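Pasting in a structure now, in structure tokens, and then I'll have a few things to ask.
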Amino acid sequence: MEVKNLSFSYGESEILHKVSFKVGDGDLMCVLGPNGCGKTTLLKNILGLLTPSFGSVLINGEDVQKLSQKKLAQVMGYIPQAHTPPFPFKVFDVVLMGRTAYLSSLAQPDKKDEEIAYESLAKLNITYLKDKIYTKISGGERQLVLIARALAQQPKIMIMDEPTSSLDFGKQNIVLEHVRQLSKKGISILMVTHDPGHALFCADKVVTLKKGKLIKIGNPQDVISEESMKDMYDMDVKIARTKLADERIICVCIPVPSISEGNRSA
């Protein structure tokens, strides 16, 4: 996927200004930026929900604006922040809905579609959920089900909008581990996140946005620095590095309190 000189305006208000980057096969790219920087607008342009004022979004060289919704759904899966359907569907039925992109308007899913849906659950190790009611499972489980539904589309690219935003610390890690494994299997992933630590944990590349402009793009360790996060979020952070038992080095981004202990007690 290539985002090429993408600009977008609502009336006279420019939200995105000449944003360009590429997501290669199996890349896991995170988009970082403060509230209001244009992340959601960027995703809507990539998904073909908005028409760029200038520039384009290309999938294998084809402009998404020229692709039918059905064709687009066959190459691109979308995982929103949160989703609660109006009816109490079973988990398996929610995942099976991912096969809609391959069905005609009056067709019903067949045995092959059901097999693909089950395989999508199996890839995430959540087949035990298949007969449970989607609205009655935990938030972390719902996010994994949404990823399984996107997998059932058999996409080349997954677009994720803060997939861990409503999850506790443990569930966030589970979801991020699954996301990282999917990229290793060749699925290209573009994930918006507010947490630099998530990008340091799982991303191959990071894009930073500020006021609708691309500030930097590169590997997480180069893009996410104490100076760049101070500039982006207007707060001090520390980047800590630690070695795991298997000799891997991991980095974490730690916010520095701006209120002293004395002022806090006051």
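With segment 67-164 as the region, which helices (runs of 4 or more DSSP H) entirely inside it contain at least 1 residues that are of a type in the set (Asp, Glu)?
So the answer is 91-96, 111-123, 139-152.
Of the conditions (1) surrounded by fewer than 20 Cβ atoms within 10 Å (Cβ to Cβ); (2) closer than 22 Å to Lys71 by Cβ, Tyr10 fails just one. Which one is it?
(2)
Okay, moving on. Just one of Val19, Val23, Val31 is over 13 Å from Lys213 (Cα atoms) and surrounded by 13 or more Cβ atoms within 10 Å (Cβ to Cβ); which is it?
One residue alone meets the criteria, Val23.
Where the second residue is of a type in the set (A, V, I, L, M) and the first is in contact (Cβ under 8 Å) with a residue 60 or more places away in the chain and lies in segment 227-254, which pairs have Cβ atoms under 9 Å and are six or more apart or on separate chains?
Partner pairs satisfying both residue conditions: Met232/Leu32; Met232/Leu209; Met232/Ile215.
Scanning segment 143-186 for residues that are within 24 Å of Pro109 (Cα to Cα) and either out of contact with any Ser or Thr (no Cβ under 8 Å at 6 or more places or on another chain) or aromatic (Phe, Trp, Tyr) (or both), which turns out surrounded by the fewest Cβ atoms within 10 Å (Cβ to Cβ)?
Gln154
Looking at (1) of a type in the set (D, E, K, R); (2) modelled with pLDDT of 90 or more; (3) surrounded by fewer than 16 Cβ atoms within 10 Å (Cβ to Cβ), can you tell me which one Asp204 breaks?
Every listed condition holds for Asp204 apart from (3).
Now for a separate question. What pairs can you find where one residue is in segment 154-176 and at positive phi and in contact (Cβ under 8 Å) with a residue 24 or more places away in the chain, the other is among the charged types (D, E, K, R) and surrounded by fewer than 20 Cβ atoms within 10 Å (Cβ to Cβ), and their Cβ atoms are less than 9 Å apart, with a gap of 6+ or different chains?
Qualifying pairs under 9 Å: Glu162/Asp195.
Could I ask something else about it? Would you confirm, using the coordinates I've provided, whether Asp63 is over 15 Å from Val192 (Cα atoms), surrounded by fewer than 20 Cβ atoms within 10 Å (Cβ to Cβ) and either acidic (Asp, Glu) or touching a helix residue (DSSP H, G or I) at 6+ places or on another chain (Cβ under 8 Å) (or both)?
yes
I'd like the full set of residues that are assigned to a strand (DSSP E or B) and surrounded by fewer than 10 Cβ atoms within 10 Å (Cβ to Cβ), limited to segment 223-254.
The answer is Thr242, Lys243, Ile249.
Still on this structure, please answer the following. If I ask for residues that are buried (at least 16 other Cβ atoms within 10 Å of the Cβ) and of a type in the set (A, V, I, L, M), which ones from segment 98-129 would you list?
Those that are buried (at least 16 other Cβ atoms within 10 Å of the Cβ) and of a type in the set (A, V, I, L, M): Ala101, Ile116, Ala117, Leu121, Leu124, Ile126, Leu129.
Considering only segment 157-203, state which residues are charged (D, E, K, R) and over 14 Å from the mean Cα position of the chain (by Cα).
Of everything in segment 157-203, those that are charged (D, E, K, R) and over 14 Å from the mean Cα position of the chain (by Cα) turn out to be Asp168, Lys171, Lys184, Lys185.
Residue check: is Tyr134 crowded, with 16+ Cβ neighbours inside 10 Å and modelled with pLDDT of 95 or more?
Considered against the rule, which asks whether it is crowded, with 16+ Cβ neighbours inside 10 Å and modelled with pLDDT of 95 or more, Tyr134 comes out as no.
Results for (1) of a type outside the set (Phe, Trp, Tyr); (2) touching a residue at least 40 places away in the same chain (Cβ under 8 Å); (3) within 28 Å of Ile59 (Cβ to Cβ); (4) in contact with a helix residue (DSSP H, G or I) (Cβ under 9 Å, 6 or more places away or on another chain), shown as yes or no for each residue.
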position	(1), (2), (3), (4)
Lys71	yes, no, yes, yes
Arg99	yes, yes, yes, yes
Ser105	yes, no, yes, no
Leu121	yes, no, yes, yes
Leu124	yes, yes, yes, yes
Asp131	yes, yes, no, yes
Tyr134	no, yes, no, yes
Arg142	yes, yes, yes, yes
Leu146	yes, yes, yes, yes
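The values are calculated or read from the model by the stated rules, or taken from the named source; none is laboratory data. Here the structure is a predicted model, which is why all the values come from computation and not from measurement. All Cβ positions, even for glycine, are placed from backbone atoms using ideal geometry, and neighbour counts span all protein chains on display.
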